[in-house]
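What follows is a set of notes on a single structure, which appears directly below.
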Amino acid sequence: APAWEVIEALLDVVPRAVAQLGVAFARGGEVDFSQASLAALDALGTPDAPTDLLQRLDYRLMHLLVDEFQDTSATQLELLRRLTSGWTPGEDNRTLFAVGDPMQSIYRFREAEVRLFVEAQLAAAVAGIPVTCLTLRRNFRSQRAIVEWVNRVFPSVLGEVSDPVRGAVAFAPATAVKAALGGSGVTFELHASDRDEAQAVVARVREAIEAQAEDVAILVRARTHLEAILPALRDAGIAFTAVELDKLGQRQAVQ
């Protein structure tokens, strides 16, 4: 079948491509994120044939802390599995602590699989090590009106049940700690152009300043989304600070 022919061709081509990539990395003295993880696996060996490095780490490693666990890849999980292959859960006082939020998984481009987080939750185990799952629900960041809006809207976005097969994550509601500040808390607006959106942002900022807000922040998904907003703020005479965004050397007067 044509599909099998493609697979056979890949089995021949991919190992050669990997070898050539290794040569290119060595020549340039660089590696990418995936290569660093694969090199770590090679350095450790396997549980059945551990290297001296793995044996030395097994002797010294007592606690593993994993942050942003929702963005773990299969390769990284295998690394954890090898590092903990000599552990005896509940007997040798060694611990594994992983923290993350599957609703914040964003690094699919580097082979991160939120499915691994969901599976770990369902199995109550990370890389074969039994864990106790604790869910933190108290929100210390946002005022109550925002938290309640998110709790009301996002179940229809993320769904109610996690599905490891599809990599679907269920929405987990939060409990607000900060009191409501008044008003709706959230508005949803659509604009025909970036220019219109920038003018609307300026209007919102002015309203906040006139209401004597202590802080006004503008959050965007990417730097390019500020290309119309920053000039609009300047034209309106509204001072702002933008970390690594509005550089002095890039301003027309300086250039």
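A few points about this structure:
- Some residue of segment 55-72 being on the phi < 0 side of the Ramachandran plot, surrounded by fewer than 16 Cβ atoms within 10 Å (Cβ to Cβ) and touching a residue at least 40 places away in the same chain (Cβ under 8 Å): no
- So SER37, is it of a type outside the set (Phe, Trp, Tyr) and within 19 Å of the chain's Cα centre (by Cα): yes
- Taking (1) open to solvent by less than 80 Å² (accessible area, probe 1.4 Å); (2) within 29 Å of ASP163 (Cα to Cα) in turn, ARG108 satisfies each apart from (1).
- Failed item in (1) under 21 Å from the mean Cα position of the chain (by Cα); (2) open to solvent by 60 Å² or more (accessible area, probe 1.4 Å), with VAL118 passing the rest: (2)
- Residue in segment 237-247 that is more than 30 Å from ARG138 (Cβ to Cβ) and in contact with a His (Cβ under 9 Å, 6 or more places away or on another chain) present: no
- All of VAL165, VAL177, VAL161, VAL186 fail the test of being outside any helix (DSSP H, G or I) and modelled with pLDDT of 95 or more, apart from VAL177.
- Where ASP101 falls short, out of the listed (1) touching a helix residue (DSSP H, G or I) at 6+ places or on another chain (Cβ under 7 Å); (2) under 16 Å from ARG166 (Cα atoms); (3) acidic (Asp, Glu): (2)
The values are calculated or read from the model by the stated rules, or taken from the named source; none is laboratory data. Note that the structure is predicted; figures quoted are calculated from it, not measured. Every residue, glycine among them, receives a Cβ derived from its backbone with ideal geometry; neighbour counts consider all protein chains shown. Note: accessible area is taken over every heavy atom of the protein model, side chains too, but ligands, DNA and RNA are not part of it. Shrake-Rupley method; radii C 1.70, N 1.55, O 1.52, S 1.80 Å.
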